[in-house]
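Worksheet: one structure, shown below.
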Amino acid sequence: MSMIKDDNHSPMISNHPLSSNVDRVLISNREIMVRISELAQEISKDYAGEDIVVIGVLKGAMPFMAYLIKEITTPIIMDFVAISSYSGGTSSTGIVRFQKDVEESLKDKHVLIIEDIVDTGLTLKYLLETFKLRQPKSMAICCLVDKPARRKVEIPVKYVGFTIPNCFILGFGMDYEESYRNLDFVGIMDPQTVQRLQEEASKVLIVP
Ligand code: IMP
C-alpha cells in the first residue's frame, strides 16, 4: 500500500487544459501506472489458475479498471454496476442508489469489485450485501484510492492503490460535478475552490 501525504507534491501545471480549478497534483500519472502494475501482479498471483468476474463501479472505476485488467494474467469476465451514494458536489448524502445491475450470474464465481475511491464505505457495503445474496465463491474489493478518515462503515478492502488524507480529489475517473474524470493524474480541489465554484454556480440566474 502507498501512503500519500498532501505536502510534497508539485503545483498544478498551469497549461493543462483542465487545470484551472485543480489546486495541486496529489498522485502523478507515473505513480498511478507503477502502482496499477503492482496491484495487477498481486491479483494475478492471488487468483492464479482461477477465473474472476471483475465488476467495475461506474463511472469512476472505468480508467483504473481499463489499465488494471490489461495487466491481469488470469482469465477475467468484465461487468459493471452503476451505484452511488453521492448526489453531486463533494459530500456524501448517505443515500445509496442502484442504477445498473451486473449481467453475469455471480453464483460460485470469484468476484473482484473495482472502485475508484472508498470514502464513507456506504456504496461498497451495499454492494457486498447485495452480491452476497447471489452466493459467489469469494468477493474482494480493489480500489485506486482509500480515504479511511471518512469511513462510516467497516468494509474489507483487499487491494488498495493509495491511502490518502481527508481531501477532495479528482481525476483518473473521479469527478467534481461530473467533470475532470479524464485527467490522467489525481489532483486536489481545495475547500476554498469548492466554495468559490458553488458560489459561482448559485449566482447563475435561470430565466424562465
Ligand atoms: P462512499 O460510498 O462514500 O465510499 O463513496 C464512494 C464514491 O464517492 C466514489 O465512488 C466516488 O464516486 C465518490 N467520492 C468519494 N470521495 C471522492 C473524492 O474525493 N472525489 C471524487 N469523488 C469522491
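The values are calculated or read from the model by the stated rules, or taken from the named source; none is laboratory data. Quick caveat, the model's predicted, so the values are computed rather than measured. Quick reminder, even Gly has a Cβ in these numbers, built from the backbone with ideal geometry, and neighbours come from all protein chains shown.
Here are a few things to note about the model shown:
- Yes/no for GLN192 being in contact with a Gly (Cβ under 8 Å, 6 or more places away or on another chain), more than 14 Å from the ligand (Cβ to nearest atom), over 16 Å from ILE52 (Cα atoms) and assigned to a helix (DSSP H, G or I): no
- Counted residues, the stretch 123-152 - those being modelled with pLDDT under 95 and β-branched (Val, Ile, Thr): 2
- There is at least one residue in the stretch 40-58 that is in contact (Cβ under 8 Å) with a residue 40 or more places away in the chain, touching a Lys or Arg at 6+ places or on another chain (Cβ under 8 Å) and surrounded by fewer than 18 Cβ atoms within 10 Å (Cβ to Cβ).
- Looking only at the stretch 111-163, and only at residues there that are assigned to a helix (DSSP H, G or I) and within 10 Å of the ligand (Cβ to nearest atom), the one that is surrounded by the most Cβ atoms within 10 Å (Cβ to Cβ): THR123
- Qualifying residues in the stretch 88-109 (those that are touching a strand residue (DSSP E or B) at 6+ places or on another chain (Cβ under 6 Å), of a type in the set (A, V, I, L, M, F, W, C) and part of a strand (DSSP E or B)) - the one modelled with the highest pLDDT: PHE98
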